[in-house]
């Protein structure tokens, strides 16, 4: 698949920026052409791995217009997201230590506010895959999708109350429900094209989904689409969207344009 983006900003003054836009190390070996972050105008850029293993780029944007872009090719199996109906839930005391942080409330996944509700809604479902799928089914029905509904400060409990949002709100609500039910869950962001889906296709965008830890491994769930999809390319994982923001800017700026593509190559 051909993957990439072009993002245009306007900065009124020199501004430090952290960008989390590179393909995750779990998929780097699939890249046919690298996804280097290209800056225009060119400025010095450095990289580091954050506490979740995501690759982040640092630079100082000069005053004026700046674009961030990449255009890469990645191999994909062409297989849809795996489904493992028999995956069970691991007791908290037996969970690996590295999963425990994904049981805790976070900035946008305020699972402590949804604890009683989660057990009321999903306590009757079998632990493991059936319970997580029930969460996805509910979230998919409960939230009305619309780009006009986007709000960067919306928490999971607010998404539940307001019943509207974008893909990050679906993921936040499902993650919060999972954590309230003692299922480790982590927020994911990346590319998701329309391979295997009927047209018409929506405009390109980055997507959000989540992974739940069941039977000793992480499994992909997507409450926004709620069907297994082909061509999912991970960029970053974290506790919620605050950990994997596309860009984090330390000063005022205006987003002028935003374009993402994930296209099948013949």
Would you please put 159-171, 85-97 in order of how densely packed they are, using the mean number of other Cβ atoms within 10 angstrom per residue and starting with the highest? 159-171, 85-97
Determine the distance separating the Cα centre of region 93-172 from the Cα centre of region 1-52; give it in Å without decimals. 29 Å
One would report the Cα pair-distance distribution of the chain, bin width 5 Å, in %, as 1, 6, 13, 16, 18, 17, 14, 9, 5, 2, 1, 0
Whole-percent pair-distance distribution, where bins are 10 Å wide, for the alpha carbons of region 92-240: 12, 44, 34, 9, 0
CD proxy at 222 nm, helix term only [per DSSP H run n ≥ 4: -39500 (n - 2.57); per residue of the chain; nearest 500]: -5000 deg cm²/dmol
Ranked output for segments 208-217, 42-51 by mean other Cβ atoms within 10 Å, highest leading, reads 208-217, 42-51
In square nanometres, what is the average projected area of the Cα convex hull of region 207-253? 4.7 nm²
Contact order relative to length of the chain, as percent, for alpha carbon pairs under 8 angstrom and 6 or more apart: 30 percent
Roughly how tilted is helix 129-142, in degrees to the nearest 10 and between 0 and 90, from the longest Cα axis of the chain? 60 degrees
Cα-derived Rg over Rh, computed across region 147-187 with Rh taken as Kirkwood radius: 0.99
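The numbers here are math on the coordinates, done by the rules we state, and not lab data. Quick caveat, the model's predicted, so the values are computed rather than measured. With ideal geometry, Cβ positions are generated from the backbone for all residues, glycine too; neighbour counts draw on all protein chains shown.
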